[in-house]
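A short write-up of the structure that comes next.
Values in this text are rule-based calculations from the coordinates and carry no lab data. All of these numbers come straight from a predicted model, not from anything done at the bench. Cβ: placed from backbone, ideal geometry, glycine included. Neighbour counts: every protein chain shown.
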Amino acid sequence: METTGDIRQLAAALKAGQCAIFPTDTVVGIGVAAAYAQNPQAIFAAKERTADKPVAWLVGGVDALDVYGANVPDYARNLAHAFWPGALTLVVRASAEVPAAFQAPDGSIALRMPAHMSCLEIIRQVGPLAASSANLSGEEAPAKLSEVNPKLMQIVDCVFDDGSMPTGEASTVVDCLGATPVILRQGSVVL
């Protein structure tokens, strides 16, 4: 495991299909570049978590809803325009652009545009990040790198530290699969 503040090193690790830890606007995340990793298995293995709980994708803009989502309702687009970049995760039907290994069992994908300059730059370089909070299953999501379990830090290939501090509050997750939005997890964004 190597800690770096160089975004090019992080991008190189992600392009090699490796798993990395990095700060986001909400909590410290662990993830892979969806375009370069075969599946999110490295995230599940590192977190000691079963694969039945899918991971969200961090994306670079509202247009990602139309690339990675299918039959996205207008209300989901309105929510994205109102709260992205920010701590709002939208669960939508996955398009054919989302490999089956990254989809939830119901064929959905959770998308969020982070309000974090380094994350957005990484997404610009490697595409969407399949990401979860950087904690072992059952532990609290870390608000700073120093709170990440050392066991997890040793498992990943790269740790990125740009000096930023997440808010420590998870995103609000909204199910956008039906006719009306349903809040699955209340986070920092109040709808």
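In the chain, what percentage of the DSSP-assigned beta bridges are antiparallel, given to the nearest 5? Let's see the in-between values first.
Details: 20 of 31 bridges.
Here the antiparallel bridges make up roughly 65 percent for the chain.
Of the labelled options [x] 1.04; [y] 1.43; [z] 0.94, which one gives Cα Rg over 2.2 N^0.38 Å as computed for this structure?
For Cα Rg over 2.2 N^0.38 Å, the calculated option is [z].
Which FRET efficiency, nearest 0.05, do residue 165 and residue 96 yield, Cβ-Cβ r, R0 35 Å? Working shown, then result.
Working: r = 38 Å, r/R0 = 1.08.
Here the calculated transfer efficiency is 0.40.
Given an 8 Å cut-off on Cα distances and at least 6 residues of separation, report the relative contact order of the range 69-191 as a percent. Kindly include the intermediate steps, with their values, before the conclusion.
On the way: 160 pairs, mean separation 35.2, N = 123.
Averaging sequence separation for qualifying contacts and normalising by length gives 29 percent for the range 69-191.
At residue 67 and residue 191, where each label point lies 7 Å from the Cα along Cα→Cβ, what is the point-to-point distance in nanometres?
2.3 nm
Once phi is turned into θ = phi - 60°, what whole-Hz ³J(HN,Hα) does the Karplus curve with 6.51, -1.76 and 1.60 give for every residue of the range 163-174, x standing for Gly and Pro?
x, 7, 10, x, 6, x, 10, 5, 6, 7, 10, 10
Would you mind calculating the relative contact order of the range 1-104 from Cα pairs under 8 angstrom and at least 6 residues apart, reporting the percent as a whole number? Walk me through the intermediate numbers first.
Numbers: 95 pairs, mean separation 22.7, N = 104.
Relative CO of the range 1-104 lands at 22 percent.
If contacts are Cα pairs under 8 angstrom and at least 6 residues apart, what is the relative contact order of the range 83-139 in percent?
On the way: 48 pairs, mean separation 20.2, N = 57.
Here the relative contact order equals 35 percent.
What order do you get for 107-113, 59-65, 158-164 when each peptide is scored by the mean count of other beta carbon atoms within 10 Å, highest first?
Numbers: 107-113: 23.6, 59-65: 19.6, 158-164: 17.6.
Ranked from most to least packed, the peptides come out as 107-113, 59-65, 158-164.
Between residue 81 and residue 140, with labels modelled 7 Å along Cα→Cβ, what's the label distance in nm to one decimal, could you check?
3.9 nm
Any idea how far apart residue 149 and residue 74 come out in nm if each label point goes 7 Å out from Cα toward Cβ?
Each label point lies 7 Å from its Cα, and together they span 4.6 nm.
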